[in-house]
Each structure stands twice: as structure tokens, then as C-alpha cells.
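The values are calculated or read from the model by the stated rules, or taken from the named source; none is laboratory data. Bear in mind that the values here come from a model prediction, so they are computed numbers and not experimental data. Note that each Cβ is placed from the backbone with ideal geometry, even for glycine, and that neighbours are counted across all protein chains shown. Heavy atoms of the whole protein, side chains included, go into the accessibility calculation; ligands, DNA and RNA do not. Shrake-Rupley method; radii C 1.70, N 1.55, O 1.52, S 1.80 Å.
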Amino acid sequence: MDPSEQIEQVRRFNRTVTERVGVLHEHYLGRDRPIGEARLLWEIGEDGQDVRRLRERLGLDSGYVSRLLRSLEGDGLVTVEPQPEDRRVRTVRLTEAGRAERAVLDGRSDELAGALLEPLNQAQRARLVAAMAEVDRLLTAATVTLDTVAPDSPDAQHCLLAYFTELQESFDTGFDPARSLLPDASELRPPRGLFLVARVDGQPIGCAGLKLPPGAPAEIKRMWVAPQARSLGLGRRFLTELEARAAQHGRDVLRLDTNKALGAAIGLYHSFGFQEVPAFNDEPYAHHWFEKRITTSSTA
């Protein structure tokens, strides 16, 4: 299927879904509000939500979210209040009426889902549900962003802490970053390197660093993907991006080392074209060393 056919298929799918789930109706699920307001009621949750976080989660313009919240507030379904420690940050919470309305929406949403499945036989239902799960996974993968950040930024530190905790639990010897050859990730900043964070809906779900030592091969360090995001192809995407960045900096060799406990990572490196080589450093936690020849796209 060529690109134009793919685009047409996506558009056809979008038209079918919006029609079947009732997005086009002003009174979504038979209630007195459009889908935008209903979706906010679901996203706010039992404990409330930071308004800024809501905007990031749904990818909506701040003005539009403000209008939706004013409407819900006017109907007595939510309250919006500034946080005492920082009045610029607002928190939205459901009222009792808001919880009751969300419960009605939950029930009617279940009925709609059942109505979509009811005309199908058992095999067709299984195929549709499996296809929906695959579409959900791929659409989530398509929304992941990779951003260059400072390695001491909050999102970078969140990822590194989760990564170190996982290594501590996985390695026979435990893991102490202070004993590694990269005790401080602050080295992974220009001009000696760079650090990437992957986010979905504004939340960090992975990281990867690139060392760029003068006159030496580029080296991948501190690559980690959150367990819940490991079906999104993010490890391969990190490798692709880091290889391109290394080439842009004039490097023609890309290296990495890893521990024997990380079997999935070792399989990924092999599949991505890395070859095992003799040890090129004395990293105490490494059992395997890899190298890949890459095409230089510019001079450093």
C-alpha cells in the first residue's frame, strides 16, 4: 500500500470511529454535554487533577480547557481552586454531583461498547478487540516525543532513578552508579554528550544518553524504557535517534556495553546491527561490549 492509500485508510478509519462512538453528537451518550466535557470528567479522577496536567494529558489548548471547566463548574460538577503553595497552579476536583454524572457516563459508555460488539459473532468480537488493542498501542507509540534535556532536569532524574532501581534488582551484584564509569550523568551534556527523555502525554517514560568524547567513538549510556512502555518500540527508536546524532557529530563508530542480565537489551542490539567486540573499557558492571559502524553525515 503506497503512502496515499495509507492516508486514505487512516481517514476512513477516523470517519468510521467518530460516527460509531457518537463524537459528532452535541449531547454525548445522551447527556447534556459534548464529548469534551465528558472526557474531562473522566480524566479528573477521584483525587482531582492539576489543570496544566489535564491540558498536557489531552493535548488541548489552554483557552479551550478553561471554557470546558467553566461550563462544568457552572453546572456544579467541578470546583477549580488555586493550590495554597503556588496560586498559579490550579487544581480541579469533582463535586458529588460530578461523581454522580461520571457514574452515569461510565454506565452509558459500557452500553455503547456492548452495542458495538453485540452484532458480531464470537470470533469477530475477538478480532475487533485485538485490533483495537493494537491500534491503541500504535497510536500511543506515535504520540511519544523525544526531547533533548539537561541530565539533571526533573524528568531526566526521574528516569535515571527508576533505571538504577531496576538495575539494583536485576544484577547479581546489585548496582551502584558511583562504581560505574559514568557516576554522574551530568557528563551527558553538550559538548561532551547529550541526553534524551521520551514522554507520552507529558510524562517521562524513558531516557538515553550519548557520550561524545573528543577523538573517540560515540557511546550510548543510560538507556532505559519504563516497563509499561516496552511494547511501543521505544528502544529501537532511541537507538535510531542516537545513531543519527552521533553521525551528525562526525562519528563513524557507535559503542555500548551492557550486563549479562539484560537479555532483552542484548537481543535488541544484535537486531539493530551491533556486533560484539572485545572489551573497550573496564566498566565493572559490563559483560558484553558492542560496536556498530555508522555513516557520518557531517563533521563535528
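Taking residues in region 68-86 that are closer than 14 Å to Trp42 by Cβ, and partners anywhere that are aliphatic (A, V, I, L, M) and at pLDDT below 90, not one pair has Cβ atoms closer than 6 Å while being at least 6 places apart or on different chains. Which residue is least open to solvent (accessible area, probe 1.4 Å), if the candidates are limited to region 43-56 and must be in contact (Cβ under 8 Å) with a residue 12 or more places away in the chain and basic (Lys, Arg)? Here the residue is Arg53. With the structure loaded, tell me whether Asp201 is under 28 Å from Asp61 (Cβ atoms) and touching a strand residue (DSSP E or B) at 6+ places or on another chain (Cβ under 7 Å) or whether it fails that test. Spelling it out, it is not the case that Asp201 is under 28 Å from Asp61 (Cβ atoms) and touching a strand residue (DSSP E or B) at 6+ places or on another chain (Cβ under 7 Å). Among the conditions (1) surrounded by 11 or more Cβ atoms within 10 Å (Cβ to Cβ); (2) modelled with pLDDT under 90; (3) under 20 Å from Arg93 (Cβ atoms), Leu40 misses just one, which is (2). Determine whether region 174-186 contains at least one residue that is within 22 Å of the chain's Cα centre (by Cα), small (Gly, Ala, Ser) and surrounded by 20 or more Cβ atoms within 10 Å (Cβ to Cβ). Yes: region 174-186 contains one or more residues that are within 22 Å of the chain's Cα centre (by Cα), small (Gly, Ala, Ser) and surrounded by 20 or more Cβ atoms within 10 Å (Cβ to Cβ).
Residue pairs whose Cβ atoms lie under 6 Å apart, separated by 6 or more positions or on different chains, with the first residue in region 229-250 and in contact (Cβ under 8 Å) with a residue 60 or more places away in the chain and the second assigned to a loop (DSSP other than H, G, I, E, B) and of a type outside the set (Phe, Trp, Tyr), do not occur. Only one of the listed residues (Glu219, Glu291) is touching a strand residue (DSSP E or B) at 6+ places or on another chain (Cβ under 9 Å), surrounded by 13 or more Cβ atoms within 10 Å (Cβ to Cβ), in contact (Cβ under 8 Å) with a residue 60 or more places away in the chain and charged (D, E, K, R). That residue is Glu291.
Just one of the listed residues (Glu134, Glu101) is acidic (Asp, Glu) and closer than 20 Å to Gly30 by Cα, and it is Glu101. For residues in region 155-171 being part of a helix (DSSP H, G or I) and hydrophobic (A, V, I, L, M, F, W, C), which is surrounded by the most Cβ atoms within 10 Å (Cβ to Cβ)? The residue in question is Cys159. In summary, Gly59 fulfils each of the numbered conditions (1) of a type outside the set (A, V, I, L, M, F, W, C); (2) under 22 Å from Asp201 (Cβ atoms); (3) open to solvent by less than 50 Å² (accessible area, probe 1.4 Å) with the single exception of condition (3).
Here is the figure for region 48-82: residues that are in contact with a Gly (Cβ under 8 Å, 6 or more places away or on another chain) and among the acidic types (Asp, Glu) total 1.
Restricting region 137-154 to residues that are open to solvent by less than 70 Å² (accessible area, probe 1.4 Å) and assigned to a strand (DSSP E or B), the residue that is nearest to Glu187 (Cα to Cα) is Asp147.
Among the criteria (1) over 30 Å from Ala133 (Cα atoms); (2) without any contact (Cβ under 8 Å) to a residue 24 or more places away in the chain; (3) open to solvent by 20 Å² or more (accessible area, probe 1.4 Å), the one Phe274 does not fulfil is (3).
This table checks each residue for (1) of a type in the set (Gly, Ala, Ser); (2) touching a residue at least 12 places away in the same chain (Cβ under 8 Å).
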site	(1), (2)
Ala100	yes, no
Leu116	no, yes
Gln122	no, no
Leu139	no, no
Asp152	no, yes
Thr173	no, yes
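Is it the case that some residue within region 65-74 is in a loop (DSSP other than H, G, I, E, B) and either open to solvent by 50 Å² or more (accessible area, probe 1.4 Å) or at pLDDT below 90 (or both)? No, region 65-74 contains no residue that is in a loop (DSSP other than H, G, I, E, B) and either open to solvent by 50 Å² or more (accessible area, probe 1.4 Å) or at pLDDT below 90 (or both).
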